[in-house]
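The values are calculated or read from the model by the stated rules, or taken from the named source; none is laboratory data. Note that the structure is a prediction, hence the values are computed from the model and not measured. Reconstructed Cβ throughout: ideal geometry from the backbone, glycine too, with neighbour counts over all protein chains shown. Protein only, heavy atoms only, side chains kept; ligands, DNA and RNA dropped before computing areas. Shrake-Rupley method; radii C 1.70, N 1.55, O 1.52, S 1.80 Å.
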Amino acid sequence: MRILLVEDEERLSQALVEIFKKNRIGIDSVYNGPDGLKYARTEIYDVIILDIMLPGMDGITILKTMREEHNSVPVLLLTAKDEVIDKVRGLDSGADDYMTKPFSTDELLARIRALSRRKGDVKEDTILFGDLTLNIKNCELANKSGESLKLSLKEYQIIDLLFQNPHQVITKENIIEKIWGTDSSAEYNNVEVYISFLRKKMEFLKVKTEIRTARGIGYSLEEGKCIRL
């Protein structure tokens, strides 16, 4: 999962970034309206957290523009305003949820998970594909015999992305955007290194499920041994 946070209070933004990272959720943060709309238009995000009061362009304008452009990414409005009319205005403009400051971070995380489920993400404690299991709580890969290996954060985020899109080729560009972020200096070889790490762990677990290469494009998660392209 990757989140876009559009919040002009830098201390709050930085605190939320750390909270999401600790929960193994990728996040990009921007501090003004024009940047928020620019990032939202990439459509690489699973959920957008959007403040209403922003410099340059307010959150309602960003939201209306997104919906007019048929951008259906779930949006949670985050603002200090607590008047009913503001909530109604935000929801009528296309918001999926609404929270007022101050708020509980546990509640925010729960709402983000709920919004990602609405988009279609599978967020159980474990995900099974073929003979390979991804344990989300423990950040581990396991085989049918119960043998498991711990994953690093990047390994987990990449394999989770593949698990969420089985049989689909995920481009290297998309992996970099989703895992490292839009402004990252990460290159294709960064992706290739982590794919190599994951393959070695899957080989150690002796599973038939594999990460298949689509040469010059990206990778897909497939059942059964097959010749890599």
Report summary line: Screening Lys201, Lys172 for residues that are more than 19 Å from Met1 (Cα to Cα) and of a type outside the set (Gly, Ala, Ser) leaves only Lys201
Report summary line: How many residues of region 67-111 are aliphatic (A, V, I, L, M), more than 23 Å from the chain's Cα centre (by Cα) and open to solvent by less than 30 Å² (accessible area, probe 1.4 Å)? The answer is 0
**Report entry** Every pair of residues 6+ apart whose Cβ atoms lie under 9 Å, when the first sits in region 166-191 and is within 25 Å of Leu132 (Cα to Cα) and touching a residue at least 60 places away in the same chain (Cβ under 8 Å) while the second is open to solvent by less than 50 Å² (accessible area, probe 1.4 Å) and polar (S, T, N, Q)
**Finding:** Lys178/Gln157; Ile179/Gln157
Query - Any hit, region 97-112, residues being in a helix (DSSP H, G or I), hydrophobic (A, V, I, L, M, F, W, C), within 30 Å of Arg199 (Cβ to Cβ) and at pLDDT 90 or above - result: no
Query - Close pairs from region 200-221: first more than 19 Å from Val169 (Cβ to Cβ), partner open to solvent by 10 Å² or more (accessible area, probe 1.4 Å) and of a type outside the set (A, V, I, L, M), Cβ under 6 Å, at least 6 apart - result: Leu205/Asn143; Leu205/Glu147; Val207/Asp131; Val207/Asn143; Lys208/Asp131; Lys208/Gly224; Lys208/Lys225
Query raised in the report: What's the number of the condition Gly36 fails, among (1) closer than 18 Å to Ser184 by Cα; (2) touching a helix residue (DSSP H, G or I) at 6+ places or on another chain (Cβ under 8 Å); (3) part of a helix (DSSP H, G or I); (4) open to solvent by 20 Å² or more (accessible area, probe 1.4 Å)?
Result: (4)
Query raised in the report: So which of Leu153, Leu162, Leu128 ends up being farther than 30 Å from Ala15 by Cβ and open to solvent by 60 Å² or more (accessible area, probe 1.4 Å)?
Result: Leu128
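Inspect all residues belonging to region 45-59 and state whether any of them is open to solvent by less than 60 Å² (accessible area, probe 1.4 Å) and touching a Phe, Trp or Tyr at 6+ places or on another chain (Cβ under 6 Å). Step through it out loud before you land on a result.
Of all residues in region 45-59, those open to solvent by less than 60 Å² (accessible area, probe 1.4 Å) come to 45-52, 54, 57-59.
Still in the list and also touching a Phe, Trp or Tyr at 6+ places or on another chain (Cβ under 6 Å): none.
There is no residue in region 45-59 that is open to solvent by less than 60 Å² (accessible area, probe 1.4 Å) and touching a Phe, Trp or Tyr at 6+ places or on another chain (Cβ under 6 Å).
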**Report entry** Single match in Gly181, Gly218 (criterion: at pLDDT 95 or above, open to solvent by less than 20 Å² (accessible area, probe 1.4 Å) and either farther than 19 Å from Leu153 by Cα or not β-branched (Val, Ile, Thr) (or both))
**Finding:** Gly218
Report task. Confirm whether Glu140 is open to solvent by 60 Å² or more (accessible area, probe 1.4 Å) and more than 24 Å from Ile44 (Cα to Cα). Result -> no
Query raised in the report: Only one of these conditions is not met by Ser72: (1) out of contact with any Lys or Arg (no Cβ under 8 Å at 6 or more places or on another chain); (2) in contact (Cβ under 8 Å) with a residue 24 or more places away in the chain. Which number is it?
Result: (2)
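With region 136-229 as the region, which strands (runs of 3 or more DSSP E) entirely inside it contain at least 2 residues that are touching an Asp or Glu at 6+ places or on another chain (Cβ under 7 Å)?
Working: elements: 140-142, 148-150, 210-214, 218-222.
Answer list for region 136-229: 148-150, 210-214.
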